[in-house]
Structure formats: structure tokens, C-alpha cells
Amino acid sequence: MTLPFGKFLLSACAVTALSAGSVYADVGNITITATKNAVKVAKTPSKVNIITAKQLKEKGIIYVKDALKDIPGIAVSSNGAFGGATSTYVRGLSSYYTKVLIDGIDVSDPSMPPPQFDFANLTTDDIKRIEIVQGAQSGLYGANAVAGVVNIITKKGKGKPYAKYSQKAGSFHTYKETGESGGSLGKFNYYIEGSRLDTDGISKMDKRHSDGSYSRGDEKDGYHKTGFSSRMEYAFDDSFTVGNVLKLYKTRNYLDNGWSPNWYPDDSAPSNNTPTAKSLRDESHFFMSKFYIDKTLKNFKIDLNAFYMQNLRYYKSPSSDYKGKRWGENVKALYTINRTKITAGIDHTMEKYEDNSPFKKLRYNVGGFLEVEQSIKNLVLQGAAREDHYKTFGNHFTYKLGANYLVMPTNTILKANYSTGFRAPSIYELYAPPVPAYWFLGGNSKLTPERSKSWDFGFVQNLYGNKINLGATYFKNIIRNRIAYYHSTYKNVKGKTVSDGIELEAKIKPIEPLVIGANYTYTRSKDPDTGEQAARIPLRTYTGYITLKALNNKLINTISGRYIGKRFDDANHTNQTGKYAVFDFTSIYNFNKNLEASVSVKNIFNRFYEEVYGYSTLPRSVFARISYKF
């Protein structure tokens, strides 16, 4: 990797000057994603970042996509505020190389050409924490976990039953109502949450000028969302639990249809003022349910899960519908003996693609994995291997090897991983019917999986009784046998996708009420066709925050910021979308244990910037919230 020492040193120093990071999620936290079992972050070889519900509240974050922007190694781009299609790029790789889970269930959309999850509509209301495990995890999670895994874990009821109501209001006539209730009643615990969000919104597209520059559009594109989630759990005793998780939401999102003569997005184009364009919108209906049984017998634990997920997308004017569905069941068994953990599991998954044509297709996958975690004094070793079977291309084998070592004299944690991964060709890429009018020859049933290998190594350093936490990681990914649209169909083509980079993190607690966090990411992601930096992947990113508590912790103030360096919207580097800094501020005041109020200011300095060329981002915006717990 070419990174001159002077630039590296300057970047490392800038991390301490720009204040967001968790330094591997405060290594005392617990992760269940990195090994499929509960384990301290400090003892897992994988790099793990955890975003807690507390952190989401202190930063005034409404959408999960905005929380991910603060994590080193992750870039996010949206086609407009309030419901704009959102992509995440983990370690310089496209969205479809990251597996997204909600409570362990894959929620990527099978009706997308490469299945992926659109974060546009996912809000933070019912989230307990978000776990991000970077690096290939196919040895545990199978297809498409090439760049990593994002696992969103929802809240669980506990303690005395309560009810809570929150009201939010803010810029662009934005209103959000949220009600929740949770608690325990003997052996039964529950959590229920419902919300409604309405906004007039802002223009999805920006206004294009004759010199090719952009300014904010004039119109308003509204957005509406209704959501509901619940978790019900019954513990027969300390060793036997059954439960159900339910999550659903419905959205209506108004879009733009303005295009300049050169086919650039343009809010002011005449085509955006037609009746068809003014009624252009999409609707999304998401539903997920999981039923689970957990049983413990001395050193043996078994988990059984059955699940169903669907994501329905309806586009109006003109009308086109897409329906992606996934269901199945899995079993996982954990055996612990002394300092050895052996985990084995098998899962069966069905995926279905439908659209408003006669084309419908169903396929299945069966996968099994074996994982061994071995502790030897201060050393933890992890080995995982998985075999997947698809009807189309047969079997595919992946594995992962990792090590974690604690250097006692200096309290330094060393981490290293090597892993392989794969992306399975999608239903559409394999079987899509031809469309002669668009010179599309249809899918290619002879496609084989993309194959990857990745490695990373780094350290976490705790100083002065954990008042200072530092972390650094180097990573590299190589993807071969890539699937690309080529000569009117999909083919496995030559050329490697390569990304590598450095992630630096720092968290400082100089005095009890003050916390300062900072991250720096350098990502070099090579486009295999042009040899240039890949589209929408910033070369450098700085993020940070400062949290200050006062009045006996009744008042919590957080200012956060991010700087996006050089970034282009296309692989030919025609359209620059980087080189900007954005700052947000949130203040929370707890009147008492039941009443709480907050105000958030987004984009404090009203910076005009774009994450996707020609599409809008929020100008300066103010949102206030008040909540009361009964």
C-alpha cells in the first residue's frame, strides 16, 4: 500500500484533533456476532464495533445509516434525504458484499439483482445495539459476508413494566410519534414499540446549473413511515426459553424525475414538473418474524430458530413491483469444556424472487459450519469452516482463522485474521428473462460464485486505567471471479477487486464528565475496470465527537463531525462528491427519571454537499423531542 510516512503521521495526529469512535466498542462489551456466541470484544480475534442505544440517543440519531457513518472503515451514500436509497461500503467494497442481519436473520432483499439491504428506512426506535464485524465472515455466515456483517439487535423487556411516549418535531414539518412498553411479568418478558414519521421533506434531487454546478432544489418530496416491533419471551426455567421477534414497517417515499439534456439529475428540469413526475413514488413493505428456542444442559447449549422475511417494493408512475422473500430454519449447538468452545450449526434457507411480470423463481441453500475457540492463557484462537450447497452451482467451502493475544505488561491486545468468502450469484443474475427491447439477453445460469480472501491485523491499547483507548487495524481484500454485466448479460469476468487500508481509533476520558472520540480511515479501493479509486469510496475519512455531561449528568451535550476526503461518484473520476465537513449537535436534559427532552441540530454550518452526485442532503435542520415514561 502506498502511504507516505509524512501523510500517515499527519493523519494519525489529526485523529486526536478531530473529535467518533468506540475503539473496538470499548473492549469490555459483549458481542454475539463475531463468534455466534456471547464473548467479550477484548477476547475475539475479529475487529468489532458496537453502537449502543445510549450512543444513538446521545447523538440524536434517527436513522441507522447515520450511525454507521461514524464507524471507521464504513462509507455511506444516499440518493436524497428522507427515504433516498442508501448504500453502505465496508472496507472499500460495495453494499452487496456485506451481510446485514436483524436479530441474526439475513434481511438482504432477494429481489435486487445482487441482494443487499437498503438502510433508507431503518430507524433506531427499537434498537438495543448494532454490532459491526469487519472482514470476511463467510466461514460462519455463508454467502455475501465478504466485507463483514452488520447485526442489528432489538430491545428486550426487563424489570418493572413501563410505558413510554415520545413526540418529535422539527424542520420541514417533520413529526414523529413513538410509543413503547416493556418489562417482566414473572417468567414472561415483553417489549412492544410502534411509531409514525411524517415529513414534507426536501427535494430528492439538487438543481443543476449551466456550468455543471449544483445548488439545493426548490420542491419538497414527502416521506411517511409506520413501524411496529415486538419481542415476547417466556422462560420456563433458567435453562429453557422460547420467544418471538416481530418487526414490520411500511413507507411511502416521493421521488424526483428531473434529468438534464446530458442525463444528470436536475430538480429544475421540465420533466420534473409533469403530472407523472409529481406522482412518482415508491412504497416499501417490510416484514420479519423469528421464533426461537434456547435450551441449556450443563456444558451444552442448543438454539433452534425458524424465520420468515419479506421486502415488497412498489413503484408508482410507472408501475413496477418487486417482491423478495426468504424463510427457513437453523440449529446451533455449543459445547464448552474447560477453555475450549466448540460450536456447530446447520441452516436451511429458501429465497424467492417475484416481479410484476410472469417471472418468479425459488431457490434453496443448505449450509453447515463448525467453529472452535481455544483459550491458552492470554491467547485466544478461532477457527471456523463452512460448507454451503446451492442447487445451481453445487458446494462452496469457506473458512476463517483468527488469533487474539493479550500482552500483560503493557495491557495491549493484538488481533489478526485470515479468511475466505464468497458472493453467490443472485436469482436475477442467474435466471432473469431476456428483454430484447433493452438488448438484455437474460440471466446466465452458468455463473459461479465470486471468491474472496481477506486479512487484517491490529492492536488495541488501554492506558491510564482505560482513560485512553487507542486502536489501529490494517486490512486487505481481494475478490476474484467477479460477476459483471457484460455484453448484454451477466458473466464471470477477469480482473480482481482489491481494497486495502488503515483504520485508526482513539477514545479519551480526561475527566469524568468529558469523553472525546476520533477515527481516521484510509481506504484504497481499486476499480478493476479503470484501475482508479472505486466510485463513492472516499480515500480518507475523519470522524469524531465530544460528549460533555453536566448538572449531575442531567444535561448531556454531544457535538459530532465528519470530514470526507477525495471521493468521486464514478469510476472515471468525472464527478467529485468529497472534500467536505459536516457537524451535528445534540443536547439532552433529564428533568427527572420519567421526563426527558432533547434538541438536535443537523449540519450546523449549513454546508452544501452531496453523497451521490446530483442528489440532496439535509441542510441545517433542527429537531426537538420530548418523552415521558409512565
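Coordinate-derived values only; no laboratory data. Source: prediction; values computed, not measured. Heads up, the Cβs are rebuilt from the backbone with ideal geometry, glycines too, and the neighbour counts pull from every protein chain shown.
So, R0 is 56 Å and r is the distance between the beta-carbons of residue 235 and residue 276; what FRET efficiency does that work out to, to 0.05? Here the calculated transfer efficiency is 0.50.
Pairs exceeding a 30 Å alpha-carbon distance, out of 59/593; 325/526; 47/290; 176/593; 278/579: 325/526; 278/579. Our note on the geometry: Cα centres of region 281-317 and region 137-216, 17 Å apart.
Magnitude of the charge dipole for the chain, about its Cα centre and with charges confined to Cβ atoms of Lys, Arg (+1) and Asp, Glu (-1), is about 1280 debye. Between residue 395 and residue 320, the simple spin-label model (points 7 angstrom out along Cα→Cβ) gives 4.0 nm. Sorting the segments 69-78, 233-242 by their residues' average number of neighbouring beta-carbon atoms within 10 angstrom, most packed first, yields 69-78, 233-242.
With the highest mean first, a sort of the peptides 496-506, 426-436 on other beta-carbon atoms found within 10 angstrom per residue produces 496-506, 426-436.
Karplus-derived 3J(HN,Hα) values for region 606-619, using 6.51 cos²θ - 1.76 cosθ + 1.60 with θ = phi - 60°, are 6, 6, 8, 8, 9, 8, 10, 4, x, 10, 7, 10, 5, x Hz; glycine and proline are entered as x.
Which stretch or stretches of region 299-336 have amide N atoms under 16 Å from the point lying 7 Å from residue 283's Cα along the Cα→Cβ direction? Taking a point 7 Å out along Cα→Cβ of residue 283, the residues of region 299-336 whose backbone N falls under 16 Å are 311-324.
Listed cross-link partners 40/158; 220/554; 54/566 are compared with a 29 Å cut-off, the Cα-Cα value being larger for 220/554; 54/566. In straight-distance terms, cross-link reach from residue 491 covers every one of the aspartates and glutamates whose alpha-carbon lies under 18 Å from its own, apart from those fewer than eight places away in the same chain; here that gives 429, 450, 527, 529. Rounded to whole numbers, the Karplus 3J(HN,Hα) couplings from phi for region 212-227 are x, 7, 10, 9, 5, x, 9, 7, 10, 10, x, 8, 9, 9, 10, x Hz, using 6.51 cos²θ - 1.76 cosθ + 1.60 with θ = phi - 60°, and x at Gly and Pro. Using θ = phi - 60° in the Karplus curve 6.51 cos²θ - 1.76 cosθ + 1.60, the 3J(HN,Hα) couplings for region 49-60 round to 10, 10, 10, 8, 4, 4, 5, 4, 5, 5, 9, x Hz; x is entered for Gly and Pro. Annotation: amide H of residue 378 has no partner in the under-5 Å range at sequence separation 5 or more or interchain, hydrogens built in the peptide plane.
Relative to the current alpha-carbon distance between residue 551 and residue 215, full extension at 0.36 nm per residue lengthens the span by 116.7 nm. For the residue pairs 36/298; 453/494; 377/467, the alpha carbons lie more than 22 Å apart in 377/467.
Charge dipole of region 437-586 (Cα centre as origin; +1 on each Lys and Arg Cβ, -1 on each Asp and Glu Cβ, all else neutral): 260 debye, rounded to the nearest 20. Ranked by the mean number of other Cβ atoms within 10 Å of their residues, highest first, the peptides 171-182, 354-365 come out as 171-182, 354-365. Note on residue 486 and residue 198: the model spin-label points, each 7 Å out from Cα along the C-beta direction, lie 5.2 nm apart. Using a/c under 1.5 as the rounded threshold, could you call the chain rounded, prolate or oblate? The axes a ≥ b ≥ c are square roots of the C-alpha gyration tensor eigenvalues, and prolate needs a/b larger than b/c, oblate otherwise. Rounded. Each residue in 386, 91 was given a count of other beta-carbon atoms within 10 angstrom of its own, and listing them fewest first yields 386, 91.
Between residue 336 and residue 532, what is the label-point separation in nm under the 7 Å Cα-to-beta-carbon projection? For the pair residue 532/residue 336, the computed spacing is 5.3 nm.
Only Lys, Arg, Asp and Glu carry charge here, each on its Cβ (+1 for the first two, -1 for the last two); on that basis region 31-147 has a dipole of about 520 debye about its Cα centre.
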